[in-house]
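Since the structure comes first, as structure tokens, the remarks are kept for the end.
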Amino acid sequence: MADLRNDFLGIKSPNPFWLASAPPTDRETNVVRAYKAGWGGVVWKTLGEEPHVVNVNGPRYGAIHSNDRQLIGFNNIELISDRPLEVNLREIKKVKREWPDRALVVSLMVPVTEESWKTIVPLVEETGADGIELNFGCPHGMSERGMGSSIGQDPEYIENIARWCKQSTSMPVIVKLTPNITDIRQPALAALKGGADGVALINTINSIIGIDLDTMSPNPNIDGQGSHGGYCGPAVKPIALNMVAEIARNADTAALPISGIGGVSTWRDAVEFMTLGAGNVQVCTAAMTYGFKIVEELIDGMSDWMDDKGYTTTDDFMGAAVKNVVDWKYLNMNYVVKAVIDQDKCIKCGRCHIVCEDTSHQAITLERNGERYFEVKDDECVGCNLCASVCPVEGCIDMVQLTGGIDPRTNQPVSTEYANWTTHSNNPNAV
Amino acid sequence: MANNSTASDISTHRLEQHEYENNFSDIHPLLDGYQASVEASRCYFCHDAPCVVACPTSIDIPLFIRQIASTNNTGAAKTIFQQNIMGGMCARVCPTETLCEEVCVRNEAGGKPVKIGFLQRFATDGYMETGDHPFQRASSTGKKVAVVGAGPAGMACAHRLSALGHDITIFEGRAKSGGLNEYGIASYKAVDDFAQKEIDFILSIGGIELKTGSYLGQGLDLDTLRSDYDAVFLGLGQGGSNNLRLDGEDTDGVINAIDYIAQLRQADDLSQLSVGRRIIVIGGGMTAIDVAVQTKLLGAEEVTIVYRRGISQMGASKYEQDLAQTNGVNIVYWAMPVELVEQDGRIGVVRFERTSLDNDGKLNSTGDGFDLASDMVFKAIGQVFLSDVFAKNQAPELTRGRIRVDDNRQTSLGDVWAGGDCIDGGDDLTVAAVEDGKVAAMAIDKFLTSGEV
Ligand SMILES: Cc1cc2nc3c(=O)[nH]c(=O)nc-3n(C[C@H](O)[C@H](O)[C@H](O)COP(=O)(O)OP(=O)(O)OC[C@H]3O[C@@H](n4cnc5c(N)ncnc54)[C@H](O)[C@@H]3O)c2cc1C
Ligand SMILES: Cc1cc2nc3c(=O)[nH]c(=O)nc-3n(C[C@H](O)[C@H](O)[C@H](O)COP(=O)(O)O)c2cc1C
Ligand code: SF4
């Protein structure tokens, strides 16, 4: 059986599955339930200064569903902890004492003054917590008050605050990044310069989840009005994966440990984050959708997969995909594929035909001898993968590599040599 | 398998009142919004979809399902009604397992077709609930068309012609309109007086005058209609039933299935309807299944369908045969009645001989047979078109006993069109009748507005 034990910045946990700072980690009751369910660690719901914030009394969540009501995307306008600081600190201390083997990191958000940070950090250290996470992420509410994502969008603030925190504690300091920024490497670099031990990403994406067409109010509807909120859940995973990869493959930031967050719902999602360099993962929406029990599937699935692959510890696959994420210009232009439709699996829905016909390269037939028959015309197919993407039958359409001969579309011989854009004849800047 | 005949047993009130209600309730209840959404999301929105080709009225099925999936129910209903104004009834009675759903690609991917009929009903019922009508009449053409018969064919024709701006008079022989929707379809397929609600819905377009109790051939004749109107459409259905051609067919207890079904459909209180304890149904089509299942549901103890050919030749689909069997109806194949034996002035026993096909595909008796005791015998061996409705008038030509029409449903008389069960070569389905009515209406419109046929 695979060893899932995790060490992130020296913080130990029995598995790499942490709950992200959010309602699931808002209080002792929740966190204890999470630990009992098997979660390796938690990042406590973000603490701020007194007087503590208050939340709206109307709805604070909105969702996007599939037709069968699977939750695809989730958004919220919740603020940071709305409970007294002192109560939170007391509970944190108690929980950590009672659950010494689990990770307990405390998330913080206070105004951009040295004094604010240097006051709160020692209070946390006193609880015996394992570390702090600086919440520079919330894109709603707190950002209007000069905190959250408005800090995360300014590398100078990030660097300064990280430095102040490092100066006031021996605990590991994690900077939680906002995705609401053009180049995620800049804030990561700033965190590194400020001395942060690691980064966590992503926090939520600024969003309006939808409009109620009867009331003309954004959702969630607070008395006829709504505000932009933070978007998360399965829909954001691709964005999060890319941001994690950007940090992991950039020479200046490659050394930064990463806690991967954003849409993790299954063990497979978690593994994907870790192959792109995340040291562990944090989960919020999936827990808020199904409850804490999902951790059993996360643990079990990752463990079975590792056994299958012969990995004994998570270090064996951590970062394994990073080297394969490259800039477009380094992709092999001599890798030629053609779509191939497995006629035994084809159910003749015709979607591959119509999408290729209408929106791609007119490379799939509609009929043969008067019967519906879908077959790829190799002399037109550019191998774009659209047909395979829309085909409702898994494994029916494959992209098959041409390893020699002539590409009937270009009439050029297929070369087995690697050649990329940097040397391509159409590239004005070819070297 | 001879069973001993006992005294004839026919009675009312075989069941408790709640059992009648239960037995004759909606066979497939309406989907709720969530079920419809999930089912709609199973549709792949096929290109040039096979289901559309399989639908006799060519409803754009992928489009209306996508409209349901995006909560545009009004749009979905309009997509359906555009092609089939009786989309509501068709959703209930079409043998989808041999039409649209048979060719759904989901049979391959996932083993079950998208439930197109259920989704169609979801859309049409939802729309009809609003009381709106989806179409507006075009400006008046001043032309008048007579439609004879207010069944699916006649109603569909009248509706389309009215939408195109013509003024329509429907002459219907019976007291109620709807044709077999009202008098024939199995009750559990169209509960809550749906047939009449649908007629009201169709008439709400305006421009259609409905005259019930006006029977062509009785004080109303084709020559007069042709001279009083610019065109005539005949949607007469098939008024007569085939006979067994045995002695004693007029014996008490030997009944035309469709007559009994009509009585059942019109009964205010099913417990008042007499039904035998032991029922024999002779035939193999939809009517045979319907009378068998419904007598069983009325409390008959033994119901046996006897069909002279095999399972695969049966007119009723596999789904219908299964429905009969799950309701406890026994089906005997390869046997035909040879004698109706009267007992105490009523039918008592039916004598059957076994059949087989010879090398030329001809049906023969094998010589051996069996007797079945019975309190009621239902004849369900097909209906016939009653051509005496034309009396001495100039009549359209017939083929195989039904009215001959061309692709536009035009008869041999240049100003007379026909459709539904009364024409030769039809499918004898509600949806086919609707299509006939629609196609004829388009042709009549062309004839009236441009003089072209
Ligand atoms: C028992 C039974 C069950 C069936 N079940 C199904 C089913 O589940 N699904 C399905 O798709 N199909 C079913 N069918 C077939 C379907 O009902 C018919 O195909 C369809 O009703 C034909 O429509 P129509 O308009 O041609 O004729 P009809 O529905 O028969 O309508 C003809 C109308 O014309 C009127 N009429 C007749 N003669 C005259 C006259 N001389 N003057 C004035 N009016 C006249 C009649 O009173 C009637 O209203 C069933 C048929 C039967 C008998
Ligand atoms: C209701 C809600 C409240 C949240 N509150 C916080 C918070 O207080 N502090 C914080 O750092 N992140 C907060 N987040 C962001 C999550 O910790 C996490 O970064 C984000 O939801 C992405 O992960 P997911 O896709 O697994 O939900 C919140 C998210 C949600 C849904
Ligand atoms: S891979 Fe792209 S171009 Fe080729 S057949 Fe499929 S959709 Fe068409």
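FYI, it's all coordinate maths here, none of it is from the lab. If you're wondering where the values come from, they're calculated on a predicted model, not measured in any experiment. Cβ placement follows ideal geometry from the backbone for every residue including glycine, while neighbour counts extend to all protein chains displayed.
Classify the stretch A:1-99 as rounded, prolate or oblate from the Cα gyration tensor: take a ≥ b ≥ c as the square roots of its eigenvalues, call it rounded if a/c is under 1.5, otherwise prolate when a/b beats b/c and oblate if not.
On the way: a/c = 2.42, a/b = 1.12, b/c = 2.15.
Note, shape of the stretch A:1-99 comes out oblate.
When the convex hull of the C-alpha atoms of the stretch B:33-128 is computed, what volume per residue in Å³ does it have?
Numbers: hull volume 7.7 nm³, N = 96.
Cα convex hull per residue, to the nearest whole number: 80 Å³.
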Measure nothing fancy, just the Cα-based angle from helix B:286-297's long axis to the longest principal axis of chain B, in degrees from 0 to 90, nearest 10.
-> 60
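Taking K and R as +1 and D and E as -1, what net charge do the other residues with C-beta under 12 Å from the C-beta of B:Ile258 add up to?
Working: positive: B:Arg265, B:Lys379; negative: B:Asp259, B:Asp290, B:Asp421.
My count for the surroundings of B:Ile258 gives -1.
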Sites A:Asp101 and A:Ser170 - FRET efficiency at Förster radius 25 Å, r taken between beta-carbons, to 0.05 = 0.75
By how many nm would the segment from B:Lys112 to B:Gln82 lengthen if fully extended, with 0.36 nm per residue of separation less the alpha-carbon distance?
-> 8.1 nm
Karplus-derived 3J(HN,Hα), 6.51/-1.76/1.60, for each residue of the stretch B:300-317, Hz, glycine and proline x | 4, 7, 10, 10, 10, 8, 10, 10, 7, 10, x, 4, 7, 8, 4, x, 6, 5
Lys/Arg +1, Asp/Glu -1 at C-beta; chain A dipole; positive extreme among A:Gly291, A:Val105, A:His228 = A:Val105
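Count the lysine pairs in the stretch A:328-421 that are 8 or more places apart or on different chains: how many have C-alpha atoms under 21 angstrom apart?
Working: A:Lys338/A:Lys348; A:Lys338/A:Lys377; A:Lys345/A:Lys377; A:Lys348/A:Lys377.
Lysine pairs satisfying the spacing and distance rule in the stretch A:328-421 number 4.
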Check: the protein assembly as shown dipole with +1 on Lys, Arg Cβ and -1 on Asp, Glu Cβ, in debye = 1420
Using the scaling law 2.2 N^0.38 Å as the reference, what is the normalised Cα Rg of the stretch B:222-349?
-> 1.27
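What Kirkwood Rh does chain A have if only Cα atoms enter the pairwise 1/r average? Answer in Å.
Details: mean 1/r = 0.0419 Å⁻¹.
For chain A, the Kirkwood estimate is 23.9 Å.
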What FRET efficiency would be calculated for the residue pair B:Glu342, B:Gln35, taking the C-beta separation as r and a Förster radius of 41 Å, to the nearest 0.05?
-> 0.20
Once Lys and Arg get +1 and Asp and Glu get -1 on their Cβ, which of B:Ala123, A:Val87, B:Ile444 lies farthest toward the positive end of the dipole of the protein assembly as shown?
-> A:Val87
Where both residues lie in the stretch B:269-390, what percent of DSSP beta bridges are antiparallel, nearest 5?
-> 55
Across the stretch B:242-256, in residue order, what do the Karplus-derived ³J(HN,Hα) couplings come to in whole Hz, using 6.51 cos²θ - 1.76 cosθ + 1.60 with θ = phi - 60° and x for Gly and Pro?
-> 5, 9, 6, 6, 10, 5, x, 5, 8, 4, 4, x, 9, 10, 6
Spatial separation of Cα centroids for the stretch A:278-302 and the stretch A:391-422, in angstrom | 38
Pairs of lysine in the stretch A:6-324 with Cα under 18 Å and at least 8 positions apart or on different chains: total?
-> 16
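Assuming R0 = 22 Å, can you tell me the calculated FRET efficiency for the pair A:Val322 and A:Thr423, based on Cβ-Cβ distance, to the nearest 0.05?
Approximately 0.35, to the nearest 0.05.
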Using +1 on the beta carbon of Lys and Arg, -1 on that of Asp and Glu, and nothing else charged, what's the dipole of the stretch B:33-128 about the Cα centre, debye to 20?
-> 220
Residues of the stretch A:12-46 with backbone N under 13 Å of the label point set 7 Å from the Cα of A:Glu296 along Cα→Cβ are A:37-39
Short version: ³J(HN,Hα) in whole Hz for each residue of the stretch A:256-263, in order, from phi by Karplus 6.51 cos²θ - 1.76 cosθ + 1.60 (θ = phi - 60°), x for Gly and Pro, what are they?
-> 6, x, 10, 9, x, 9, x, x
Simple label model, 7 Å out from Cα along Cβ direction - A:Thr113 to A:Arg90, nm | 2.7
Helix B:116-129 versus the longest principal axis of chain B: what is the Cα-based angle in degrees, 0 to 90, to the nearest 10?
-> 60
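Can you pull a Stokes-Einstein diffusion coefficient for the stretch A:257-407 at 10 °C (1.306 mPa s), Rh from Kirkwood over Cα pairs, as a whole number of µm²/s? Working shown, then result.
Details: Rh = 18.7 Å.
In µm²/s, the coefficient is 85.
Taking square-rooted eigenvalues a ≥ b ≥ c of the alpha carbon gyration tensor, is the stretch B:148-245 rounded, prolate or oblate, where a/c under 1.5 means rounded and, failing that, a/b exceeding b/c means prolate? Please list the in-between numbers first.
Details: a/c = 2.25, a/b = 1.14, b/c = 1.97.
It comes out oblate by the Cα gyration axes.
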Placed amide H near A:Val337: partners under 5 Å, 5+ positions off or other chain = A:Leu402
Taking the C-alpha atoms of chain B, how large are the radius of gyration and the largest Cα-Cα span, Dmax, in Å?
-> 22.9, 69
Estimated [θ] at 222 nm from DSSP helical runs (n ≥ 4, -39500 (n - 2.57)) normalised by residues in chain B, nearest 500 = -9500 deg cm²/dmol
Which value in nm describes the separation of the simple spin-label points at B:Val332 and B:Glu19, placed 7 Å from the Cα toward the beta carbon?
-> 2.5
If you place +1 on the Cβ of every Lys and Arg and -1 on the Cβ of every Asp and Glu, how big does the dipole about the Cα centre of the stretch A:328-421 come out, in debye to the nearest 20?
-> 140
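Would you mind counting up the charge near A:Asn57? Only other residues with Cβ under 14 Å from its Cβ, with Lys and Arg at +1 and Asp and Glu at -1.
Details: positive: A:Arg60; negative: A:Glu78, A:Asp82, A:Asp223.
Counting the neighbours of A:Asn57, the net charge comes to -2.
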Pull up all non-local amide H partners of A:Leu19: gap of 5 or more, or a different chain, and H-to-H distance under 5 Å with H placed in the peptide plane.
-> A:Gly41, A:Val42, A:Val43, A:Val283
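Per Stokes-Einstein, at 25 °C and 0.890 mPa s, what whole-number D in µm² s⁻¹ belongs to the protein assembly as shown, with the Kirkwood radius over Cα pairs as the hydrodynamic radius? Spell out each step's value before the answer.
Details: Rh = 33.5 Å.
Estimated via Stokes-Einstein, D reaches 73 µm²/s.
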Farthest positive-ward along the protein assembly as shown dipole, Cα basis, beta-carbon charges - from A:Ile161, A:Gly260, B:Thr295 = A:Ile161
